[in-house]
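Structure first, then comments.
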Amino acid sequence: MSALLRSPLLAAARSPRLERAITRLPVSRSVVARFVAGTTTADAVRTAETLLRSGRFVSIDHLGEDTTDLAAAEATVAQYLDLIDALGRLPHAEVAPGAVRPLEVSVKLSALGQALPRDGHAVAREHARRICAAAEAAGLWVTVDAEDHTTTDSTLAIVRDLRADYPWLGTVLQAYLRRTEDDCRALAGPGSRIRLCKGAYDEPAAVAFRDRAEVDASYLRCLAILTAGSGYPMIASHDPAVIAAAGVAVVAAQRKTEEYEYQMLYGIRADEQQRLADAGNHVRVYIPYGDQWYGYFMRRLAERPANLGFFLRALAGG
Ligand code: FAD
């Protein structure tokens, strides 16, 4: 059932017509609030403070993607600078050099102009550089999200360039891509921070595993490479099988608590997040906020029939 619905829901995630229709539904905002921490910088910071008090770390994402307008990309940078300024005032921003930073922002290069018809790659790189410079000054980390496979080469090249100045800059690899095992090998070196996820887009079989079991097996192979490497693996999954395998892999690699972390999305498996944190693990929660929640929300519906059921029940008033 979920496999049948995944492709249409992911196609709907990219439809401006459906976006207009769904974002106008009176019920949408209250349903979306389960996965999205409000619309303003103050909302995001308030949510971050609550999670930090519970012993979890945060990575905050200003929602937006696929920008084809330079002014919108510049507005996104301004939003991030405002967010970083506010987060930098929290006591958690004071960290020793080289230590794990509890505060992080996540950025999508397509929101920074990567898809602009002229010089998109260079525009996104320079926008990301401004965000990294502000984050460095404020005591935060930055991780660059992974988007659809047509952007992977450009994204990894931008991260490689920026790491010359900001060696702590993290990026995301998606286990469903056939190339990712090789990317893990290439990027498992000293200082690298790699968030390993399964992957959230609808990718063709030519570049991606489409069978769930194949994706899971790829994840475990990639996890083994990253945990045996000398970087900082960020294990981003809600899957109990992945979390159990990661627990075994970090022990086998003799990693200390501060040499890896678990990551989950805001609003998903909050009890498990807290259980892992209470057991002494580093757990980072990815917190999206902002008006442009549609694409993010639809990808969450595509992942899990229970999320879709929750949305449909709310629409029906149940
Ligand atoms: P799934 O394969 O979706 O689920 C496996 C099992 O996990 C389920 O069978 C169930 O047992 C359990 N589970 C899952 N959800 C729930 C739930 N709500 N309640 C209870 N049990 C549940 N994708 C990208 O493409 N690019 C990115 O940059 C990116 N960044 C991410 C950052 C973070 C921190 C996280 C956690 C995910 C990110 N993703 C990203 C999304 C990711 O690729 C997956 O689409 C998403 O995490 C679902 O995969 P999964 O590993 O959690 O487990």
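For the reader, a short list of remarks on this structure follows.
- Filtered residues of the range 150-204 (kept if among the aromatic types (Phe, Trp, Tyr), within 16 Å of the ligand (Cβ to nearest atom) and surrounded by fewer than 22 Cβ atoms within 10 Å (Cβ to Cβ)): Tyr201
- Residue check, Ala37 closer than 21 Å to Arg284 by Cβ and open to solvent by less than 20 Å² (accessible area, probe 1.4 Å): yes
- As for the range 284-306, it holds at least one residue that is touching a Gly at 6+ places or on another chain (Cβ under 6 Å) and of a type outside the set (D, E, K, R).
- Which numbered condition His238 fails, given (1) touching a residue at least 12 places away in the same chain (Cβ under 8 Å); (2) over 15 Å from the mean Cα position of the chain (by Cα); (3) within 28 Å of Ala12 (Cβ to Cβ): (2)
- Selection over the range 255-286 of residues that are touching a residue at least 40 places away in the same chain (Cβ under 8 Å), in contact with a His (Cβ under 7 Å, 6 or more places away or on another chain) and part of a strand (DSSP E or B) gives a count of 1.
- For the range 240-289, a tally of residues being of a type in the set (A, V, I, L, M, F, W, C), near the ligand (Cβ under 10 Å from one of its atoms) and open to solvent by 40 Å² or more (accessible area, probe 1.4 Å) returns 2.
- Qualifying positions in the range 64-79 - open to solvent by less than 70 Å² (accessible area, probe 1.4 Å), polar (S, T, N, Q) and assigned to a helix (DSSP H, G or I): Thr76
- Scope the range 95-111; condition away from the ligand (no atom under 16 Å from the Cβ) and either farther than 16 Å from Arg56 by Cα or among the β-branched types (Val, Ile, Thr) (or both); matching residues: Val95, Ala96, Pro97, Gly98
- Filtering the range 290-315 to residues that are touching a residue at least 12 places away in the same chain (Cβ under 8 Å) and either open to solvent by 20 Å² or more (accessible area, probe 1.4 Å) or assigned to a loop (DSSP other than H, G, I, E, B) (or both) leaves Gly290, Asp291, Gln292, Trp293, Glu303, Arg304, Pro305, Leu308, Phe310, Ala314, Leu315.
- Applying the condition of being within 13 Å of the ligand (Cβ to nearest atom) and more than 21 Å from Arg101 (Cβ to Cβ) to the range 121-149 and asking which residue is most open to solvent (accessible area, probe 1.4 Å) yields His149.
- Residues of the range 16-26 classified as surrounded by 14 or more Cβ atoms within 10 Å (Cβ to Cβ) and either among the β-branched types (Val, Ile, Thr) or not in a helix (DSSP H, G or I) (or both), total: 2
- When the range 179-215 is filtered for residues that are touching a residue at least 40 places away in the same chain (Cβ under 8 Å) and assigned to a helix (DSSP H, G or I), the ones remaining, listed by number, are Thr180, Glu181, Cys184, Arg185, Leu187, Arg212, Val215.
- On the stretch given as the range 215-233, residues that are more than 13 Å from the ligand (Cβ to nearest atom), surrounded by 16 or more Cβ atoms within 10 Å (Cβ to Cβ) and not polar (S, T, N, Q) total 6.
- So Asp82, is it of a type outside the set (A, V, I, L, M, F, W, C) and part of a strand (DSSP E or B): no
- Of all residues in the range 87-99 being open to solvent by 30 Å² or more (accessible area, probe 1.4 Å) and hydrophobic (A, V, I, L, M, F, W, C), the one that is farthest from Gln292 (Cα to Cα): Ala96
- Of everything listed in (1) among the hydroxyl-bearing types (Ser, Thr, Tyr); (2) farther than 20 Å from Trp141 by Cβ; (3) touching a helix residue (DSSP H, G or I) at 6+ places or on another chain (Cβ under 6 Å), the single unmet condition for Thr41 is (2).
- Any chance Gly113 is surrounded by 18 or more Cβ atoms within 10 Å (Cβ to Cβ), part of a loop (DSSP other than H, G, I, E, B) and among the small types (Gly, Ala, Ser): yes
The values are calculated or read from the model by the stated rules, or taken from the named source; none is laboratory data. What you see is a predicted model, and the numbers here were worked out from it, not measured in a lab. Quick reminder, even Gly has a Cβ in these numbers, built from the backbone with ideal geometry, and neighbours come from all protein chains shown. Note: areas computed on protein heavy atoms with side chains; ligands, DNA, RNA excluded. Shrake-Rupley method; radii C 1.70, N 1.55, O 1.52, S 1.80 Å.
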